[in-house]
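A short worksheet on the structure shown next.
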Amino acid sequence: MNNDLPARRETAGLSQADLAAAVGVSRQTINAIERDRYDPSLELAFKLATFFDCTVEDLFDPAIDPDRLHE
Amino acid sequence: MSTTPTGRNRHERLAKRRRYRWLMVGSIAVGVVLSLLLRALEYPLVGEVVYWAGIVGFVAVWLATPVQLFDERDVALERRAAHLTLNVFAPVLVVGASAARILTYVGAYEVPAVVWGALWGYFALFVTFAVAYGWLRYRS
């Protein structure tokens, strides 16, 4: 899933380890999310959004086509 | 953005998680390697004791650790690895069991008991999976 995590993290001056520690996951998990290799759970997505004081939609773009919801 | 007044504690918690995970894996790895070595040196009973010490160490760290050892990605990876493993062994069971039955039936080859044992073991594994899946589905 496309996400805005690297930009927001770098703007905040945080390392992946800092962000991982803040939301209680491993640095590898943050790395995997940033590289679009792992989609976080809803709980983790909300934790990240809370941490950056934004909405989940601000952070993640699932690129869902409204005309193809049934697929 | 949220501030992190306890950021150092959080880093320490993650470092502790890494340490405990290494301790868990190390405990069982050292136990197995030493037990193999001791068996090769003709100390099978001591090897078995060391093996069990490794197992007990693994379980002790797992149960007694004050931190969460695995995060959600670890769980997802475990699920995918289990799925992959089942996908590897399903064809082995389907083709292997059929081949063993046919070879036995036509008398072309006497399938060793150990192979039958392995096939029954795989079968038991898939039955266990089916029961576990059904139970989880019923509960969800």
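The values are calculated or read from the model by the stated rules, or taken from the named source; none is laboratory data. These numbers were taken from a predicted model, which means no experiment stands behind them. All Cβ positions, even for glycine, are placed from backbone atoms using ideal geometry, and neighbour counts span all protein chains on display. What goes into the accessible areas is simple: the full protein's heavy atoms, side chains included, and nothing from ligands, DNA or RNA. Shrake-Rupley method; radii C 1.70, N 1.55, O 1.52, S 1.80 Å.
Within segment A:53-65, restricting attention to residues that are over 13 Å from residue A:40 (Cβ atoms) and either open to solvent by less than 100 Å² (accessible area, probe 1.4 Å) or among the β-branched types (Val, Ile, Thr) (or both), which residue is farthest from the other protein chains (Cβ to nearest Cβ)? Residue satisfying both the conditions and the ranking: A:65. Within the option set A:53, A:4, being in contact with a Phe, Trp or Tyr (Cβ under 9 Å, 6 or more places away or on another chain) and more than 19 Å from residue B:71 (Cβ to Cβ) holds for one residue only, A:4. Could you please find all residues in segment B:66-120 being more than 14 Å from chain A (Cβ to nearest Cβ), of a type in the set (S, T, N, Q) and either under 25 Å from the mean Cα position of the chain (by Cα) or outside any helix (DSSP H, G or I) (or both)? B:85, B:87 - these are the residues of segment B:66-120 that are more than 14 Å from chain A (Cβ to nearest Cβ), of a type in the set (S, T, N, Q) and either under 25 Å from the mean Cα position of the chain (by Cα) or outside any helix (DSSP H, G or I) (or both). Close Cβ contacts (under 8 Å, 6 or more residues apart or on different chains) running from residues in segment A:18-30 that are at positive phi and without any contact (Cβ under 8 Å) to a residue 40 or more places away in the chain to residues that are open to solvent by less than 10 Å² (accessible area, probe 1.4 Å) and in a loop (DSSP other than H, G, I, E, B) comprise A:24/B:71. Residues of segment B:7-47 that are over 23 Å from residue B:62 (Cβ atoms), hydrophobic (A, V, I, L, M, F, W, C) and surrounded by 14 or more Cβ atoms within 10 Å (Cβ to Cβ): B:38, B:46. Here A:8, A:37 are screened, and the one residue that is among the basic types (Lys, Arg), within 12 Å of chain B (Cβ to nearest Cβ) and surrounded by 15 or more Cβ atoms within 10 Å (Cβ to Cβ) is A:8. Figure legend. Inter-residue proximity from segment B:18-29: first residues in a helix (DSSP H, G or I), second residues open to solvent by 50 Å² or more (accessible area, probe 1.4 Å), beta-carbon distance below 7 Å, spacing 6+ or different chains. Indicated pairs: B:24/B:58; B:24/B:62; B:27/B:58; B:28/B:58. If only residues of segment A:40-52 that are open to solvent by 100 Å² or more (accessible area, probe 1.4 Å) and among the hydrophobic types (A, V, I, L, M, F, W, C) are counted, the one that is farthest from the other protein chains (Cβ to nearest Cβ) is A:46.
Counting only helices (runs of 4 or more DSSP H) that sit completely within segment A:25-71, those holding 2 or more residues that are within 18 Å of residue B:75 (Cα to Cα), touching a Leu at 6+ places or on another chain (Cβ under 7 Å) and not hydroxyl-bearing (Ser, Thr, Tyr) correspond to A:27-34. Taking segment A:12-22 as the range and being more than 9 Å from every other protein chain (Cβ to nearest Cβ) and not in a loop (DSSP other than H, G, I, E, B) as the test, the residues that pass are A:16, A:19.
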